[in-house]
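Bear in mind that the values in this text are calculations on the coordinates, not laboratory data. Given the structure is predicted, the values throughout are model-derived calculations rather than measurements. So basically every Cβ, Gly included, is an ideal-geometry build from the backbone, and we count neighbours across all protein chains shown.
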Amino acid sequence: MKDFEVGDILPAREAIAMLNEVDLAPPIEIPAIPVEADEANISDAERAWLHKEIKRLKKERNALVLAHNYMPKDVQDAADVIGDSLYLAKVGTESNADVLVEAAVLFMNQILAITKKPHQKVLAPDLGALCSLAATADVEKIRAWKREHPDGVVISYVNTYVEVKAESDYCCASANAAKVLLHVLEHEKGKPILFLPDVYLGYYAAKLVEKQGVSLDLLWLMMGACHVHDAIRPHHVEEQRKLHPGAAAVIHPECGCTSACMRQVSEGGVAEEMMQFRSTQGMVKFAAESKADTIIVATEVGNLYPLSRAVPDKKFVPASREAVCAFMKQNTLRNLYLSLRDMKHEVTVDPELAAKALRPIKRMLDIV
Ligand code: SF4
């Protein structure tokens, strides 16, 4: 097998051929999860007090609290808006609140810092909330690819930092990855495309490229993965399907089981309506429409909470209970309160980079 490093850019065929054979170890250290991220470790009295204070401070500061679906339950309960990266970016961008406190990870906070209005401040409860996938994307490797492909188009997944977005032509989220790619195929005909940094989402993109009758020779992928989703393997889904006969499965396309599960469906091993590939937000629609009573969910376990709130008559089981993002869990009810009380930690972005990153972000927000 060809030698490669995590974050290398390969022709799509080569990347896909190695997909399930390679170790996509995260290039950064994974932090410990704070004890209070587990709601059992906060007393009811403290929880009630923190919720009351957060409510008071939101009003006093004219603040909007946005929380990602993977947040601890307590943080989701304190938020005004809960959603995936695309939804939070849209709502945050449209808001007129003076303060946007976003309990998520840094790449999402940066989007708000780029799109915010001049009077607004963007706060993150904890600056240690990073992302193993975003850490994969190396700007120098992208610049080298662009030098080799001067007419190339770079599509970067939203899970990237501002330096990478500034080198990109388009951004996409998992909710609109297919639409953005179809847009590029239609409007940038015949040009080489680099899709980064998630190789599983890239596989999903490659299937679309093939369906459009476009040669895979034009597609390049970065060998990156989210350590949480990468660890959800085909056997996890199979085990849950055996434990819950009749259950449908909904899979985030960043998962390590994506290619095997997509093959199962395309080869007729599983009926299409019993196994689908959706963004965290898209899973709600799938769950509401599915005829199955039980849904196996392949993504970060935090998403089970908004799913069970949105579709209370269904039972949700995680494909893997181990799928916990320690970066997301750095946000807790306590540091959300401190963030509002002390107006910290303000997230700012270099204005030159922000100006360059704005165009691909706007394209992502426009193509829905
Ligand atoms: S779940 Fe994965 S992609 Fe999402 S923030 Fe955590 S490490 Fe990044």
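Descriptive notes on the structure:
- Dipole of the chain [Lys/Arg +1, Asp/Glu -1 at C-beta], most positive-end residue of 30, 100, 155: 100
- Zone residues, region 300-327, relative to residue 273, backbone N less than 19 Å from point 7 Å out along Cα-to-Cβ: 313-315
- Loop-located chymotrypsin sites (Phe, Trp or Tyr not before Pro) in region 204-282 whose Cβ has at most 12 other Cβ within 10 Å (DSSP): none
- The base-10 log of I(q)/I(0) for the chain, evaluated at q = 0.12 Å⁻¹, reads -0.89 [Debye formula, identical scatterers on Cα atoms, solvent excluded].
- A Förster radius of 51 Å combined with the Cβ-Cβ distance from residue 59 to residue 242 puts the calculated FRET efficiency at roughly 0.50.
- For the chain, a Gaussian network of Cα nodes joined below 10 Å ranks 40, 173, 25 by mean-square fluctuation, and the top entry is 40.
- Net charge over other residues, Cβ less than 13 angstrom from the Cβ of residue 81 (K, R count +1; D, E count -1): -3
- Ranked for footprinting exposure by Cβ neighbours inside 10 Å, fewest first, 274, 283 give 274, 283.
- Spatially proximal lysines relative to residue 58 (Cα-Cα < 16 Å; intrachain offsets below 8 disregarded): 121, 344
- Hypothetical label at residue 216: residues of region 264-283 whose amide nitrogen lies under 16 Å (7 Å Cα-Cβ projection): 264, 266-267
- Local net charge near residue 133, Cβ-Cβ under 11 Å (Lys/Arg +1, Asp/Glu -1): -3
- Charge dipole of region 229-318 (Cα centre as origin; +1 on each Lys and Arg Cβ, -1 on each Asp and Glu Cβ, all else neutral): 160 debye, rounded to the nearest 20.
- FRET efficiency for residue 235 and residue 315, using Cβ-Cβ distance with R0 set to 30 Å, rounded to 0.05: 0.90
- In this simple spin-label approximation, residue 25 and residue 47 carry label points 7 Å from Cα along the Cα→Cβ vector, and these lie 3.9 nm apart.
- The per residue volume of the convex hull around the alpha-carbon atoms of region 193-337 is 128 Å³.
- Charge dipole of the chain (Cα centre as origin; +1 on each Lys and Arg Cβ, -1 on each Asp and Glu Cβ, all else neutral): 1040 debye, rounded to the nearest 20.
- At R0 = 25 Å, FRET efficiency that the Cβ-Cβ distance of residue 143 and residue 344 yields, to 0.05: 0.15
- Exceeding the 31 Å Cα-Cα cut-off - candidates 165/189; 73/207; 165/329: 73/207
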